[in-house]
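Data block below; observations after.
Laboratory data are not the source of any read-out in this text; all were calculated from the coordinates shown. Bear in mind that the values here come from a model prediction, so they are computed numbers and not experimental data. All Cβ positions, glycine included, derive from the backbone under ideal geometry; neighbour counts span all protein chains shown.
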Amino acid sequence: MRNVRRHFRLDVVVPAVIKLADKDHVVRLVLPELSGGVWERNEVAADRAQVHLNHLLLEENEAAGKVTVDLFARIQLLAESILCLVQGYNLRDKIPNYKTRRHTVALVTYLKTGSVTVDMLRALNDKIEFYFSVVEMASEKKYDAFLEATKSATFAFDAYLSGLEAKSSGSLLAQCVLALHHKLARHIVFVDKFRQEAIYLVDKTAWPLRKLNLSAGGVGFLSQDPYPKFARLSIDFRLGSGSYEKTFNMTGNIVSSRALSDNEHYIAVEFTNATEAIQQQIIMYLQNEELNQVIAMLKLKQASQE
């Protein structure tokens, strides 16, 4: 093949399923957001800021401070549970004393109802409880129930958000609660991503989105697990959309397996069934996608300058 672009690689997010060809075992990929350690470092910084806010609130209002500290602990446990879920770990095995910590009664439930503040804090706890329940559904492989519960969930707490934003400059409680919700929201994103996995597990034709470093001759990706060099994989992916969508059912051998950290490995695969026609189709898609990415970057830059 003479096309000089045949070795060009581009990061793309496409519907894809990667399996060990000999075992029909799905390869666990690393979520892009969790790669490189940036997510973890940002969360550590955010948690430090939250602890500081909680400490200030404890000094100002001990009762409110104790409740926010308790809610923070609950959200931290939920966050651990969500990350276990999306990375394929058993949360009861991975998280020490999960059952005991999970079923500890929230302090906010001891507060007397009747005030806007108590109702707001209870509503936040209700939202936390909802996500505990759906994570446990998914971890127990009750995917139909998980999909139904998360399809159109609404929360009473969300009605308080605009008021909290308005008060955040002068109210420590508002700042604390907003920070708690921001942590929760950052992890809810992963629950939404797991919906793709659950849909695929219910319907094998509904492939989840994967980030791949794609070329005409092969593919690279981040895996949670190491795989040996020369292991054979099946790599199915779809490029384009609508009437222009095309499915590629590729096979390949691992030519490189490099550990980046304990739970992150870069796997490079060379296709073994890439005909010239297939390579040309992939190259055309990558050229078009590269142009789309450049245009999107220029628009974003222009918008930031306005």
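Efficiency by 1/(1 + (r/R0)^6): what FRET value for residue 126 and residue 299, r their Cβ-Cβ distance, R0 = 41 Å, to the nearest 0.05?
The value I calculate is 0.55.
Give the Cα extents of segment 184-243 along the principal axes, in whole Å, largest first.
40, 35, 21
Taking R0 as 45 Å, what FRET efficiency do you get between residue 256 and residue 113 from their Cβ-Cβ distance, rounded to the nearest 0.05?
Step by step, r from the Cβ atoms, then E = 0.15.
Could you list the residues of segment 9-36 with an amide nitrogen less than 19 Å from a label point located 7 Å from the Cα of residue 93 in the Cα-to-C-beta direction?
It comes to 25-30, nothing else.
Based on alpha-carbon centroids, what's the gap between segment 232-268 and segment 1-71 in Å, whole number please?
21 Å
Can you give me the Cα centroid spacing of segment 270-305 and segment 212-229 in angstrom?
Going from one Cα centre to the other spans 18 Å.
Rounded to the nearest whole Å³, what is the per residue volume of the convex hull around the Cα atoms of segment 9-116?
Once divided by residue count, the hull of segment 9-116 is 188 Å³.
Given Cα positions, please report Rg to Rh for segment 34-202, the hydrodynamic radius being the Kirkwood one.
0.97
Quick one: P(r) of the chain from all Cα-Cα pairs, 10 Å bins, percents rounded to integers, in order of increasing distance.
Over the chain, the share of Cα pairs per 10 Å bin runs 5, 22, 27, 22, 15, 7, 2, 0 percent.
I need the P(r) histogram for segment 140-201: all alpha carbon pairs, bin width 5 Å from 0 out to the longest distance, whole percents.
Spelled out per bin, shortest first, that is 4, 15, 21, 19, 13, 11, 9, 7, 3, 0.
Report, please, the projected area of segment 61-158 averaged over directions, based on the convex hull of its C-alpha atoms, in nm².
6.8 nm²
Report the full-extension gain for the segment residue 28 to residue 140: residue separation times 0.36 nm, less the Cα-Cα distance, to one decimal in nm.
Contour length minus the Cα-Cα distance gives 38.5 nm.
Can you list the HN-Hα couplings for segment 100-117, worked out from phi with the Karplus curve (6.51, -1.76, 1.60; θ = phi - 60°), rounded to whole Hz and with x for Gly and Pro?
Values, residue by residue: 5, 5, 5, 9, 5, 5, 5, 4, 4, 6, 7, 6, 6, 6, x, 10, 4, 4 Hz.
At each listed q (0.18, 0.20 Å⁻¹), what is the log10 of I(q)/I(0) that the Debye formula gives for segment 139-258 modelled as equal alpha-carbon point scatterers?
Each listed q maps to, in turn, -1.06, -1.17.
Helix-only estimate, please: 222 nm mean residue ellipticity of the chain, summing -39500 (n - 2.57) across DSSP H runs of length 4 or more and dividing by its residues, to the nearest 500.
The per-residue figure over the chain is -17500 deg cm²/dmol.
Under a straight-distance cross-link criterion of Cα-Cα below 26 Å, which lysines are reachable from residue 66, leaving out those fewer than 8 residues away in the same chain?
99, 112, 127, 167, 183
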